[in-house]
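Structure, as structure tokens:
The values are calculated or read from the model by the stated rules, or taken from the named source; none is laboratory data. Small disclaimer: the values here were computed from a predicted structure and weren't measured. Every residue, glycine among them, receives a Cβ derived from its backbone with ideal geometry; neighbour counts consider all protein chains shown.
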């Protein structure tokens with residue numbers, strides 16, 4: 001691969017930002033529409049699965065793509081990932097059942113995994129570590145911009161058209177980006193040596209990650225935590241995981257080189273990434289449910305309320321990236337500050353209830369978002385700075401893998417905890433007069449799927465049922481809805497409290513990271529036959 005001109009660097013970086021915008025826009029658009037989706041398709045117990053399926057497949061795809069792009073180049077993987085993403089967007093838009101939506105979201109996650117694996121790696125191709133903080137901050141700014149547009153756009157489309165169109169909007173933008181990549185994106189490839197793909201490693205990685213994610217998602221929802229199906233999935237994943245480690249230790253070109261984790265900076269950084277993602281993902285996913293289900297606001301208002309949080313993310317990331325580049329790489333100090341602010345934000349969120357004002361909720365979200373923004377650029381740069389250039393793709397994608405894995409674990413565990421706590425709280429809060437008026441099977445259904453809070457048709461049906469009890473029917477309906485709101489508020493608050501504990505663990509682990517100065521040399525990429533790794 002020949003050296004890139006300044007124009008090629010600029011065009012490449014713009015293309016990467018557009019692809020990042022597309023992938024991150026989809027996540028934030030879908031989050032706001034989820035309450036309406038489950039109201040139309042049913043499946044409250046699968047609330048987190050639409051996101052979890054996306055994260056599982058992207059988590060598996062990211063390290064595989066990172067290694068393959070180190071071997072064969074970035075460009076055509078980018079184009080393929082965008083193509084998969086667009087196809088899946090169309091299939092999601094025409095889904096008519098929750099099962100279809102979950103399956104096609106999984107396919108979409110594969111495309112997003114390819115895009116994400118390349119995005120931050122290409123920054124490593126273009127800029128030296130000492131400058132990457134600024135550009136990582138810009139990339140996070142793109143994520144923040146899409147996150148600002150996404151909730152509002154998702155709310156507007158869901159309210160005025162239908163949730164199906166939140167997926168269709170990806171298609172025209174995605175086709176434009178594919179055309180730009182084919183025409184202008186350089187064929188970035190670290191070397192021109194002959195390589196062999198670690199197919200056993202790929203297969204074992206998939207068989208390790210998917211079962212444990214399935215077990216975490218089903219535990220406490222479809223099956224008890226200690227039931228044979230759940231324990232069997234965990235045991236299977238553990239056995240295959242050990243086999244994966246054995247195979248990777250002997251592979252000529254392992255899909256995830258185990259030597260990476262002998263590096264203390266890499267090991268500690270990726271542990272912090274895992275824990276912080278586990279703790280913070282719950283905020284973005286469960287906040288719209290709180291706004292729409294507990295506070296009773298519309299999907300449009302819910303989307304608008306997420307904008308201040310994303311502005312906080314953009315501000316925190318921009319400041320953090322600039323400080324990291326200018327101060328020489330004090331990622332341990334900045335990480336501790338960001339985690340502390342994020343924990344404070346979650347503590348503020350955990351105190352919300354049905355009486356919380358929109359202003360209070362907005363302040364809580366801004367604090368949480370700013371802390372999250374401070375964290376986001378740090379650890380990927382720390383990992384890139386700690387490895388040689390020929391491992392840039394796999395090292396960067398491993399950081400993205402642990403971020404996705406942490407988010408998936410967090411969603412699975414927090415989703416299970418929320419469902420269980422909601423059911424218990426609701427059943428304990430039902431007034432005796434309502435228990436006498438409403439059939440037990442209907443109350444049990446509400447305990448696992450509070451449709452009346454999210455779906456006007458379901459609420460009308462419930463009102464109609466209670467009106468049959470006589471003049472007190474309207475009052476009984478309001479009491480029942482209040483019980484649902486209170487139970488949901490308690491359940492979501494518990495999610496935030498668990499998140500604080502996880503961020504506390506990340507704070508402790510962060511203290512053990514070793515700081516080394518960020519390199520200020522740019523990678524020198526020379527024509528085939530004369531490659532060199534300048535770090």
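A few points about this structure:
- Candidates 150, 106, 113, 93 - the one that is assigned by TED's automatic domain parsing to the domain that holds residue 12, surrounded by fewer than 23 Cβ atoms within 10 Å (Cβ to Cβ) and closer than 20 Å to residue 407 by Cα: 106
- Of all residues in the range 134-185, those being in contact (Cβ under 8 Å) with a residue 24 or more places away in the chain and not in a helix (DSSP H, G or I) number 4.
- Residue check for residue 381: outside any loop (DSSP other than H, G, I, E, B), surrounded by fewer than 23 Cβ atoms within 10 Å (Cβ to Cβ), touching a helix residue (DSSP H, G or I) at 6+ places or on another chain (Cβ under 9 Å) and in the same structural domain as residue 66 (by TED's automatic domain parsing): no
- Selection of the range 387-420 for residues being surrounded by fewer than 23 Cβ atoms within 10 Å (Cβ to Cβ) and modelled with pLDDT of 80 or more yields 387, 388, 413, 417, 419, 420.
- Meets criteria (outside the structural domain of residue 265 (by TED's automatic domain parsing), at pLDDT 75 or above and either part of a loop (DSSP other than H, G, I, E, B) or crowded, with 17+ Cβ neighbours inside 10 Å (or both)) for residue 453: no
- Answer from 423, 395, 447, 417 - the residue that is farther than 22 Å from residue 34 by Cβ and either assigned to a helix (DSSP H, G or I) or not assigned by TED's automatic domain parsing to the domain that holds residue 297 (or both): 395
- Residue in the range 231-243 that is outside the structural domain of residue 141 (by TED's automatic domain parsing), under 23 Å from residue 413 (Cβ atoms) and touching a strand residue (DSSP E or B) at 6+ places or on another chain (Cβ under 7 Å) present: no
- Unmet requirement for residue 356, which otherwise passes all of (1) closer than 26 Å to residue 30 by Cβ; (2) free of Cβ contacts under 8 Å to residues at least 60 places away in the same chain; (3) out of contact with any helix residue (DSSP H, G or I) (no Cβ under 8 Å at 6 or more places or on another chain): (2)
- Lone qualifier among 60, 79 - being farther than 18 Å from residue 174 by Cα, in a helix (DSSP H, G or I) and in contact with a helix residue (DSSP H, G or I) (Cβ under 7 Å, 6 or more places away or on another chain): 60
- Residue 297 falls short of the stated requirement of being farther than 15 Å from residue 453 by Cβ and in contact (Cβ under 8 Å) with a residue 24 or more places away in the chain.
- Exactly one residue among 265, 255, 240, 245 is closer than 18 Å to residue 405 by Cβ and in contact (Cβ under 8 Å) with a residue 40 or more places away in the chain, and that residue is 255.
- Selection status of residue 359, in a helix (DSSP H, G or I), surrounded by 24 or more Cβ atoms within 10 Å (Cβ to Cβ) and on the phi < 0 side of the Ramachandran plot: no
- Scanning the range 428-443 for residues that are without any contact (Cβ under 8 Å) to a residue 40 or more places away in the chain and either over 30 Å from residue 215 (Cβ atoms) or assigned by TED's automatic domain parsing to the domain that holds residue 278 (or both) turns up 432, 435, 436, 437, 439, 440, 442.
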